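Asks: The structure is given below, and queries will be raised subsequently.
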Amino acid sequence: MSEASNRDQKSFLPRLGHWAAQVLLVFLGAYAAFWLNNYQEHQQEARRRDQILAAFEHEVTGGLESRRRPRTPEGC
């Protein structure tokens, strides 16, 4: 009976190791997916901020250009 118990214990340890490796792999995959999603969101926010700033700059410079009056030569 001790041989059967010893055999069960030997087969249990590799199964436990295999199971632990699979669980670790799942957690790493989930962590990587969340990290990638977060990275992509930050990239999108940065692009959106750049678009807003470019539009604001265009509005300001366009408004300044339209307010400028052509100068007439003095004495005319």
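Asks: How many nm is it between the label spots at THR61 and VAL26, if each spot is 7 Å from the Cα in line with the beta carbon?
Replies: 5.5
Asks: Considering the alpha-carbon set of region 25-65 alone, what are its Rg and its Dmax in angstrom?
Replies: Both quantities, over Cα of region 25-65: 17.8, 59 Å.
Asks: Same structure, new question: So what are the ³J(HN,Hα) numbers for region 49-65, from phi and the Karplus equation (6.51, -1.76, 1.60; θ = phi - 60°), rounded to whole Hz, Gly and Pro as x?
Replies: Ordered by residue, 3J(HN,Hα) equals 4, 5, 5, 5, 5, 5, 5, 5, 4, 4, 5, 5, 5, x, x, 5, 5 Hz.
Here, each number is a calculation from the coordinates, and none is a lab measurement. Please read all numbers here as calculations on a predicted model, not as lab measurements. Counting neighbours? That spans all protein chains shown, and the Cβs are built from the backbone with ideal geometry, glycine included.
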